[in-house]
Each structure stands twice: as C-alpha cells, then as structure tokens.
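Enquirer: This is the structure, below, for whatever I ask next.
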Amino acid sequence: MKTATADPATAARPARTGLLTRMKRLYDRHWYAWAMVLPVVLVIGVLIAYPLVQGVYLSFTDANELNVAKQLGATEIPATYQFVGLDNYWRVLSGADGEFYPKLLWTVVWTVSCVFFHYTIGLGLALLLNRKLKGRSLYRVLLILPWAVPPFVATYIWRMMYNSESGVFNAMLGKLGIGPVDWLGDTFMQKVAVIGVNVWLGVPFMMVAVLGGLQAISSEQYEAAEMDGASPWQRFRHVTLPGLRPVSATVIMLGTIWTFNMFPIIYLMLGEANALHSEILVTYAYRLAFGSVRDYAGAATYGILILSMLLVFAVFYRRILDRQEAAR
Amino acid sequence: MSTATEPRKNAPAARAAAGPAGTAGAGAGAGGTRPRKVRGRHERSPLASAGLHGALIAASLVAVFPIVYMVFISLRGRDGWTRPTSAEGGLEISNYAYVLSETEFPRWFANSLLVAAGTTLIGVFVAASTGYAISRMRFPGHKSLMWVLLVTQMFPVAVLIVALYNILGDMGLLDSYIGLVLTYCSVSVPFCAWMMKGYFDTIPHEIDEAGRVDGLTPFGTFYRLILPLAKPGLAVTAFYSFITAWGEVAFARAFLSTDSMLTLSVGLQSFIGQHKAEWGYLTASAVIISIPAGLVFLLVQRNLVAGLTAGGTKG
C-alpha cells in the first residue's frame, strides 16, 4: 500500500495547484478506499446518525406518549410536544428528578465491582491454566461454558435458582440451617444477585482474553528473569503484568462499557416493577421510554447522558494509558 | 506433575538457575529436593499441584453447575422445579414434548433464527470491505471513521431506541421482521466492521503487495486474495453478530407485540408470567436454545477473543 502511505507528500505540496485539481487528485488517490467504506457509512448515516439526531432533538422537548404524533383509525393526530431547551438536562443533572444520582451511584458500583471480579478472577484462572497440567483443555472448556450460554437464557436459569421458595440456593442454605434469603425481593440481595450472575457470565471472556495475552509473552523474558534470580512474585510483577498491559487495557475498557450498558441481566432478572431501587441507568431509561406513561424525552435525555459519560470515560482512560506508556 | 516439563525449553533455564551444583537439569522432576532458592516456572511441589487442581476444579464446578442444573430441572417434569434438590420420580422428557408441540416455542425459535440470520448476513456483507479498507488504507476520513465505529460500540440501548421506535412506527415497521433486522443492523454493522478490521490486520501486508504486483486492483486484491484468507475471521464475526442478535432483549421487547412475532428472548418470559411460573417448560426451552449455539461457540471461541481484542490493541 505504498500509495496510501504517501500522504505527507500531498500535504506538503504548495497550494499553487487549484482546489479543483487537488480534489481530483485526492479522489484519484482514494476513490477505491472511499468506495469500500461507503456501505458502512451509508448504514451508519441512516440507522445511527439520523436516529441519534432525532434522539438529541427529543431530549430538548417534552415529548411523551400523549403528545407525539399518532394514528388513531383514519385520523392522524399531529405532534403537540414543544421545544423546552435544556430543561430535561437541568432537571436530571440538578438532581431534581431524584433518580439520576442514586442510580448513577449504583450503576458505577455495579460496573466497578463486576469488572473488578471479571478481571481478577479471569486473570487468576488464566494464570492457573497457563501452566502445564493434566486435563488443561478439559478445564478450559468447562470454564468457558458460561460464555456459550446466551445471556438471556443464563439470566432465566439464575432467576430460577434464586427463587426464594423453590430455588436451589435457598434449598442448599436450608440444609446448612440458614433461613431462606429473599434474593430477588430485598434491594441489597437483588444487587448481590445480579452481580453474581454477571460475574458468572463475564469471567470466561476475560479468562480467554488474558490467557491469549499470557501466551503472547515470550518465554525468553521469563528465562532472563529466572537467570537474574527473580522470585515467582517478581516475575509476575515485572514480566507478566507489563506483558499483559495491552490486552488488559482493552478488555477492561470493553468490559466497562459492556457492563455499564448491560441491559438483559438486570431487566430479565428483576423485572420492571420489582427493581425500582436496583435498576441501572440503562434499564431506568428503558422503563421511562416504555413504562406506564411513556416519557420519550426523559428516556432520550438519559440515553444521551449515558453515552456522554461513556465517551468521557473512554477518552480519559486512553489518555491515562498513553501517559503511563510514555512515562515508562 | 512436574515431570511433564518440556526438557528442551527447561534444560538451559534449570541449569542456569541451579548454578554450578546443577547436574544438567537431570533432576528436573525431583521438585524441591535440589538446594536452590528460586523455583523455576515449570516446576512445582505436589502440594502446589494439588492446590492448582483444587482451585480449577472448584472454579469449573461453579461454571458448570447452573448449566447442569438447567438440564436436570428440564428433565424433571412439569413441577420438578418445586423440589429443587430431590431426584425422586426419575427423569422424563415431557417438558420437551410439551414445549415443542403445545406452545409457540417453535415459532419463536424460527423468528429468532430469521432475524438473527438476516442481521448477520447484512452485517457481514456490508462491513467486510470497510474492515479491509480501514485496516490497509489511509485515506481522508479514516480517523473519523475509526472513531465513529468505536463510539457506536458504546451506544446504550436507550440512546437510539426512542427515535428508532418512532421512525419505525411512522414507517409501519414495528412488530415486523424487517424493522427488527434494521434495528439490529445499527449494532451489528459497525461491530462487524470493527471486528473484521482486527482480522485483516493479522493478514500480512506482503500478500496485498504481491497482488498489486500481479496487476490486481485494490478490489481484486480484496476479493481474490484477502477475503479467502479471512474466511475463519468472517465466520467468527458472523457467528458473534448472530449470537448478539439471537439474545437481544431490549429492542425486541419494545418493538414486538404480536405473540407469534416474538423472538425467543421475549417469548420465554411468557412461561414465567405473573400467575404461574412454568420453570419446567422454560428450562426445556433453554436447553434446546443453548445446545446448538453452545456447540458452535466452543468451536469458534478461540478466534473470537482474538477478533474482539485485536481492533482495540492496535487502534
């Protein structure tokens, strides 16, 4: 791809040539690249950008179920919602709606604890699996199984196991003489329960990803460390962890985004009416949009806010990583 | 266990670590008998071995238990789930028979299959050439496109769902296969492009150059040389986007209303409605859903992780 990397030459060319000529030259050089990305750009434009713009617009209005345009029989009722500026954002961010900050706090707790357990357990298991031992491939397959189950199926199964009267967990606890735990009723236990399910579902991905990272660390580094008399802990600290850095950075970022947006587990596990105090921002926004009185504007506002928070997180995370990389 | 160490790799390290006292790594299997301060990477005491296996067995049990339990309950008849720890009465397949013949389950299964397959086909076909272009070529707009693809991975369902609901409603596409497939494409197309970029990155650039030298156009290089090489990557991308659509809950729940149009993720909920929870039927359905997906999954998972993380580590 020599032609593609020769960009600086084009940029350095003096502006003597006319704009049209330069456009022509750019086109000649890049038209096939543009043609190749065109389908995706079109799809993104129609299916993402257009709804996104509409969503942003809705978040500046007071649209709800009652005042949007709708079709009743043959008559068409026009939309009567109004532009209200930043009112929605102000109501949410000032804490006036009473929902945002508690739910944000729980969403952050949920994300941090899930990703923490995903990563530490995944790393631990990967380190165990990265040794020579009998039955390694069997362990590997067994440990990966939770990932192979569709999340919604897994959520239902766990919901059955958490059942307070006939669930297997309470049955086992009962045999140990511990009274029944109201897993899905009590707010605190609900939170424990959903974190448990998500950890179970998410560890295999981390494990496999970290295992891949471990296997990519060259054994010469370990041999050199051994020759210098490094203890196992020192080898882990100074060879393994730095070697895992690229993989870890990526999977932790992916995991954070996925967990922050994790809809099915909380929604299917707790249902809509049951989880008023343990729903995360995404499920709350969903309930706003499709709950009893559909608050489209509120849901759109929450959607935009969630996306903005994730973007800020991603940018800062990358920046911190880059800085660490530069400092090393 | 420690005798399983690979002699070729281990010998120099062991010799070096053991110092002058070492006898050319001959005693590599003896574990802790040699006088040495640091244990090498490939050796461990029997106690450590037991601990290692113990930890892995415990983790495996936790990983497997819910799945085994699901199969167990599904075979225990309609009310077996109310006696969670007893096995009296034996196992039966009545739940499976009921679910397959008396409920809408086969219909939901077909719906899910159709929607997920449609999404996957569109996703892979639309995204393949883009994945290649952003992997190999630097063109004006490259950076912003990468950014857009990355940002779309962060979209929470809540950000598009209201607008899409209204747009699809205007077009009369709510409660239809096409509407749902289009919705899912908003997730799967950027995702597939991102993931395939990761695969194309792993194919050596020399192959492209060879193609160019032989007089192929960039399109020719892509279709004749790179695409065939990327088949495993395409398969994995397709599978992953299939699975994502297969298990999607939020859009399906909001957009589908007719009972016969439901996909599995929404339909299953009707087994455990407010009045009577039919966990027997639900588990039977769950097993039927999980087996094919699980089998294919285990075949492709090795490549899956590579694809998911490759784009990120290099981008």
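Enquirer: Any chance region B:85-92 includes a residue that's more than 11 Å from every other protein chain (Cβ to nearest Cβ), of a type in the set (A, V, I, L, M, F, W, C) and closer than 30 Å to A:VAL37 by Cα? Steps first, answer last, please.
Expert: Of region B:85-92, the ones more than 11 Å from every other protein chain (Cβ to nearest Cβ) are B:87-92.
After this cut, where a residue has to be of a type in the set (A, V, I, L, M, F, W, C) as well, the list is B:87, B:91.
Filter once more, keeping what is closer than 30 Å to A:VAL37 by Cα: none.
No, region B:85-92 contains no residue that is more than 11 Å from every other protein chain (Cβ to nearest Cβ), of a type in the set (A, V, I, L, M, F, W, C) and closer than 30 Å to A:VAL37 by Cα.
Enquirer: Quick one: would you say A:ALA314 is facing chain B (nearest Cβ under 7 Å), open to solvent by less than 20 Å² (accessible area, probe 1.4 Å) and either in a helix (DSSP H, G or I) or touching a Cys at 6+ places or on another chain (Cβ under 7 Å) (or both)? Break it down stepwise before answering.
Expert: Details: facing chain B (nearest Cβ under 7 Å): yes; open to solvent by less than 20 Å² (accessible area, probe 1.4 Å): yes; either in a helix (DSSP H, G or I) or touching a Cys at 6+ places or on another chain (Cβ under 7 Å) (or both): yes.
Here the answer is yes, as A:ALA314 does meet what is asked.
Enquirer: I need the full set of residues from region A:231-262 which are within 7 Å of chain B (Cβ to nearest Cβ), more than 20 Å from A:ARG319 (Cα to Cα) and part of a helix (DSSP H, G or I), in order please.
Expert: Hit for region A:231-262 is A:PRO232, nothing else.
Enquirer: Based on what the data block shows, is A:TYR284 of a type in the set (Ser, Thr, Tyr), farther than 25 Å from A:MET161 by Cβ, surrounded by 20 or more Cβ atoms within 10 Å (Cβ to Cβ) and out of contact with any strand residue (DSSP E or B) (no Cβ under 6 Å at 6 or more places or on another chain)?
Expert: Criteria met by A:TYR284.
This table checks each residue for (1) modelled with pLDDT of 95 or more; (2) more than 30 Å from A:ASN198 (Cβ to Cβ); (3) part of a strand (DSSP E or B); (4) touching a strand residue (DSSP E or B) at 6+ places or on another chain (Cβ under 7 Å).
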residue: A:ASN67; (1), (2), (3), (4): no, yes, no, no
residue: A:TYR81; (1), (2), (3), (4): no, yes, no, yes
residue: A:GLY85; (1), (2), (3), (4): no, yes, no, no
residue: A:ASP97; (1), (2), (3), (4): no, no, no, no
residue: A:VAL109; (1), (2), (3), (4): yes, no, no, no
residue: A:SER113; (1), (2), (3), (4): yes, no, no, no
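Enquirer: From the residues in region A:257-281 that are among the hydroxyl-bearing types (Ser, Thr, Tyr) and more than 15 Å from B:GLU248 (Cβ to Cβ), which one is surrounded by the fewest Cβ atoms within 10 Å (Cβ to Cβ)?
Expert: Residue satisfying both the conditions and the ranking: A:THR259.
Enquirer: If I ask for residues that are open to solvent by 50 Å² or more (accessible area, probe 1.4 Å) and either acidic (Asp, Glu) or over 14 Å from B:GLY247 (Cα atoms) (or both), which ones from region B:109-129 would you list?
Expert: If the condition is that a residue be open to solvent by 50 Å² or more (accessible area, probe 1.4 Å) and either acidic (Asp, Glu) or over 14 Å from B:GLY247 (Cα atoms) (or both), then B:LEU121, B:ILE122, B:PHE125 are the ones that fit.
Enquirer: What are the residue pairs meeting all of these: first residue in region A:226-240, first residue aliphatic (A, V, I, L, M), second residue part of a helix (DSSP H, G or I), Cβ atoms under 8 Å, and 6 or more apart or on different chains?
Expert: Sorted first by the residue in region A:226-240, then by its partner, the pairs are A:MET227/B:ALA13; A:MET227/B:ALA16; A:MET227/B:ALA17; A:ALA230/A:HIS238; A:ALA230/A:VAL239; A:VAL239/A:GLN221; A:VAL239/A:TYR222; A:VAL239/A:ALA225.
Enquirer: Considering every residue within region A:208-230, establish whether at least one is under 21 Å from the mean Cα position of the chain (by Cα), within 8 Å of chain B (Cβ to nearest Cβ), β-branched (Val, Ile, Thr) and open to solvent by less than 50 Å² (accessible area, probe 1.4 Å).
Expert: yes
Enquirer: Consider region A:184-214. How many of its residues are in a helix (DSSP H, G or I), out of contact with any Phe, Trp or Tyr (no Cβ under 9 Å at 6 or more places or on another chain) and without any contact (Cβ under 8 Å) to a residue 24 or more places away in the chain?
Expert: Matching residues across region A:184-214 total 1.
Enquirer: Return the only residue of A:ALA171, A:ALA154 being part of a helix (DSSP H, G or I), open to solvent by 20 Å² or more (accessible area, probe 1.4 Å) and either under 20 Å from B:TRP81 (Cα atoms) or polar (S, T, N, Q) (or both).
Expert: A:ALA171
Enquirer: Could you please tell me which pairs satisfy a Cβ distance under 8 Å, a separation of 6+ or placement on different chains, a first residue in region B:111-135 that is more than 7 Å from chain A (Cβ to nearest Cβ), and a second residue that is at pLDDT 90 or above and outside any helix (DSSP H, G or I)?
Expert: Going by the 8 Å Cβ cut-off, the qualifying pairs are B:ASN111/B:LEU262; B:ASN111/B:THR263; B:SER112/B:THR263; B:VAL115/B:THR263.
Enquirer: Answer yes or no as to whether B:ILE207 is out of contact with any Leu (no Cβ under 9 Å at 6 or more places or on another chain) and of a type in the set (Val, Ile, Thr). Walk me through it before giving the result.
Expert: Details: out of contact with any Leu (no Cβ under 9 Å at 6 or more places or on another chain): no; of a type in the set (Val, Ile, Thr): yes.
Judged against the criteria, B:ILE207 is not a match.
Enquirer: For the structure I just gave you, tell me whether B:VAL181 is within 30 Å of A:ILE265 (Cβ to Cβ), facing chain A (nearest Cβ under 7 Å) and in a helix (DSSP H, G or I). Full working, then the answer.
Expert: Working: within 30 Å of A:ILE265 (Cβ to Cβ): yes; facing chain A (nearest Cβ under 7 Å): no; in a helix (DSSP H, G or I): yes.
Criteria not met by B:VAL181.
Enquirer: Now a separate question. Restricting attention to region A:263-311, report how many residues are more than 18 Å from the chain's Cα centre (by Cα) and assigned to a helix (DSSP H, G or I).
Expert: So the count comes out to 12.
Enquirer: Please specify each residue of region B:206-235 satisfying the condition of being within 14 Å of chain A (Cβ to nearest Cβ), part of a helix (DSSP H, G or I) and open to solvent by 70 Å² or more (accessible area, probe 1.4 Å).
Expert: Selection gives B:GLU206, B:GLU209, B:ARG212, B:VAL213, B:TYR223.
The values are calculated or read from the model by the stated rules, or taken from the named source; none is laboratory data. Remember, it's a predicted structure, so these values are computed and weren't measured experimentally. Because the Cβ atoms are built from the backbone with ideal geometry, glycine has one as well, and the counts that use them run over all protein chains shown. Protein only, heavy atoms only, side chains kept; ligands, DNA and RNA dropped before computing areas. Shrake-Rupley method; radii C 1.70, N 1.55, O 1.52, S 1.80 Å.
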